[in-house]
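First up is the structure itself, then whatever we jot down about it.
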Amino acid sequence: LLERIKQVSELENRPIIRAHIGAAAETIKPTVDGVKAISEAGCLEIISLAPDQVAQAFLPKFDRGEEDPKKYRNGEGGAPIRSRDDLRTLKTATKCGNWPMTRIYSGTDELVEAAKIFEDTLHMPFPAVPIFFYNRLDGRGPLSILDGINEHFNTMRWWASIDKPLEINDPHQWQLRRCSDDMYVTDHILCGIVALKMGLKNYVMQLMFDLPPEIDPLNDLAKMKAAFEIIEPLTRHFDCNII
C-alpha cells in the first residue's frame with residue numbers, strides 16, 4: 001500500500017483511488033467481468049470487493065466444508081463469494097491494465113479465520129475492521145456487542161502481527177446513522193488509540209465526506225480536520241503512521 005501511494009504520487013501527483021464492486025447476482029461472473037474491465041481501464045489503484053451477506057457470515061465454514069453454500073440464497077447485498085477459488089478468480093481478473101490491488105469487506109463471524117483466507121488469496125493492501133459493528137448491534141452478525149469487540153480486537157492484532165496497514169471504519173458507520181459531529185470526532189480519537197494499542201504501525205484513517213448528505217461542505221471539512229489534528233500527535237510520540 002505504501003509503495004503504491006508513493007508511486008502514484010511521484011508519477012501522477014495525485015492520491016490513489018479505490019471503489020467498491022460486488023454485483024448482486026447468482027454467480028460471481030458479473031463481478032469478475034467488472035473487475036477485469038476496471039483493471040484494463042487503469043482507473044483505480046484499489047478494488048474493494050463487496051461480498052454478499054452470506055459470504056461475510058459463512059465463508060470460513062464453507063472453506064472447512066461445515067456448511068453447504070447451496071443452502072443459502074446468492075447475491076444478497078453483493079457478490080456470492082463461496083470459496084477460496086472464487087477469491088482467486090477475482091484476484092486473477094486484476095492482473096491486467098494497471099494491476100490494481102484487491103481488498104474485501106470484513107466478515108461478520110470468525111473474523112480471524114476469514115482474515116487468513118483473504119490474505120492467502122488476495123494479498124490485501126489493507127483490511128477494514130470495525131470496533132462496534134457487524135454483530136447484533138446492527139443485525140449483521142451473530143456475536144454480542146462485547147464478543148464482537150473482542151473478536152475485532154483479536155483480528156486487528158492478527159493483521160498487526162503480519163505488519164499490515166489497517167482501517168478502523170466505525171466513524172463512517174456512525175455517520176451513516178446520523179451521529180453528531182462531536183461523536184464522530186470522538187470516535188476517530190478512540191479508533192486512533194485502539195490502532196496504537198493493537199500494535200498497528202500504519203493506521204488508515206477513513207474520512208468519508210458528505211454524510212449526512214445535507215452537511216455544509218466547510219463544516220464537513222472542519223469536522224475531518226478536527227479529527228485528524230487531534231490524533232496526529234500519536235505519530236510524533238509513538239511508532240505509528242496515519243495514512
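Okay, residues lined up against (1) within 16 Å of residue 126 (Cβ to Cβ); (2) of a type in the set (A, V, I, L, M); (3) surrounded by fewer than 16 Cβ atoms within 10 Å (Cβ to Cβ):
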position: 6; (1), (2), (3): yes, no, yes
position: 10; (1), (2), (3): no, no, yes
position: 33; (1), (2), (3): no, no, yes
position: 46; (1), (2), (3): yes, yes, no
position: 57; (1), (2), (3): no, yes, no
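Could you pull out the residue among 50, 79, 57 that is touching a His at 6+ places or on another chain (Cβ under 7 Å) and of a type in the set (A, V, I, L, M, F, W, C)? Walk me through it before giving the result.
On the way: 79 fails: touching a His at 6+ places or on another chain (Cβ under 7 Å); 57 fails: touching a His at 6+ places or on another chain (Cβ under 7 Å).
Only one candidate passes the filter, namely 50.
How many residues does the range 110-153 hold that are more than 15 Å from the chain's Cα centre (by Cα) and of a type in the set (A, V, I, L, M)?
Residues in the range 110-153 being more than 15 Å from the chain's Cα centre (by Cα) and of a type in the set (A, V, I, L, M): 5 in total.
I'd like the residue in the range 175-191 that is at pLDDT 95 or above and touching an Asp or Glu at 6+ places or on another chain (Cβ under 9 Å) and, out of all such residues, is surrounded by the most Cβ atoms within 10 Å (Cβ to Cβ).
188
Looking only at helices (runs of 4 or more DSSP H) that lie completely in the range 1-120, which have at least 1 residues being touching a Phe, Trp or Tyr at 6+ places or on another chain (Cβ under 9 Å)? Lay out the reasoning, then the answer.
Numbers: elements: 2-12, 29-41, 53-64, 84-92.
So the answer is 29-41, 53-64, 84-92.
Looking at 211, 200, 207, which one is at pLDDT below 95 and under 20 Å from residue 156 (Cβ atoms)? So that I can check it myself, show each step before the final result.
Working: 211 fails: under 20 Å from residue 156 (Cβ atoms); 200 fails: at pLDDT below 95.
After ruling out the rest, the residue left standing is 207.
Mind checking which residues of the range 96-132 are out of contact with any strand residue (DSSP E or B) (no Cβ under 9 Å at 6 or more places or on another chain), more than 16 Å from residue 51 (Cβ to Cβ) and buried (at least 22 other Cβ atoms within 10 Å of the Cβ)?
none
The values are calculated or read from the model by the stated rules, or taken from the named source; none is laboratory data. Given the structure is predicted, the values throughout are model-derived calculations rather than measurements. Heads up, the Cβs are rebuilt from the backbone with ideal geometry, glycines too, and the neighbour counts pull from every protein chain shown.
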